[in-house]
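Trainee: Here it is: the structure, laid out below.
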């Protein structure tokens, strides 16, 4: 194989998603529904005869559980990389969104260089970390790589590869992934060309887009 196939997968539904927490790098497990979502994805990929040469996962529990289920199903070992952890949300970590928006930590206006929750990662820092994580994959031989991660950093990874810089107040394009949805992206190292083949693919979940809630990425 002379090119890269990257599949960016957001973890299945977590307890933090359901209960409305800003999860950041706190460690919430999958819900029962999240486990079912991952099983449906596995069934789809088995029917499609999808193959991976490696699975790279965030070490956070909600991603780790998702990756391990897929790794077991396809007999592919899972590697863990801290670069693919979710954004460090600083002092907002573990707060409910409903409480966070009333907190002085929640800024009405912020630039890409502001830290999230005073001590966490701003959009610029997250964008750079996503670029670093991508660069690490491209140091590997061409192949088929599944990345199991989180909405916030996966959004910045897609922005990095298509060349969209972070803007103030998170304006501009946003690439949202619902729980257990994935994006498929190809990279040709000879032409330096990225091809975004699909985004937010959740057809395996068997529901309509109108039935999905747009869960917060982080």
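Trainee: Applying the selection to segment 20-55, what residues are in a helix (DSSP H, G or I), closer than 16 Å to residue 144 by Cβ and out of contact with any helix residue (DSSP H, G or I) (no Cβ under 8 Å at 6 or more places or on another chain)?
Mentor: 48
Trainee: I'm trying to understand the selection: among the residues of segment 158-197, which are within 24 Å of residue 40 (Cβ to Cβ) and touching a residue at least 60 places away in the same chain (Cβ under 8 Å)?
Mentor: Across segment 158-197, the qualifying residues are 158, 177, 178, 179, 180, 181, 182, 183, 184, 185.
Trainee: Just wondering, is there one or more residues in segment 85-103 that are buried (at least 17 other Cβ atoms within 10 Å of the Cβ), in contact (Cβ under 8 Å) with a residue 60 or more places away in the chain and within 24 Å of residue 41 (Cα to Cα)?
Mentor: yes
Yes or no, residue by residue, for (1) at pLDDT below 95; (2) surrounded by 14 or more Cβ atoms within 10 Å (Cβ to Cβ); (3) in contact with a strand residue (DSSP E or B) (Cβ under 7 Å, 6 or more places away or on another chain); (4) on the phi > 0 side of the Ramachandran plot:
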site	(1), (2), (3), (4)
105	yes, yes, no, no
118	no, no, no, yes
121	no, yes, no, no
129	no, yes, no, no
145	no, yes, yes, no
154	no, yes, yes, no
174	yes, no, no, no
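Trainee: Determine whether segment 58-77 contains at least one residue that is surrounded by fewer than 16 Cβ atoms within 10 Å (Cβ to Cβ), closer than 17 Å to residue 25 by Cα and either more than 20 Å from the chain's Cα centre (by Cα) or modelled with pLDDT under 95 (or both).
Mentor: For segment 58-77, residues surrounded by fewer than 16 Cβ atoms within 10 Å (Cβ to Cβ), closer than 17 Å to residue 25 by Cα and either more than 20 Å from the chain's Cα centre (by Cα) or modelled with pLDDT under 95 (or both): absent.
The values are calculated or read from the model by the stated rules, or taken from the named source; none is laboratory data. Only a predicted model underlies this, so the values are computations on that prediction, with no experimental measurement involved. Neighbour counts run over all protein chains shown; Cβ positions are idealised from the backbone, glycine included.
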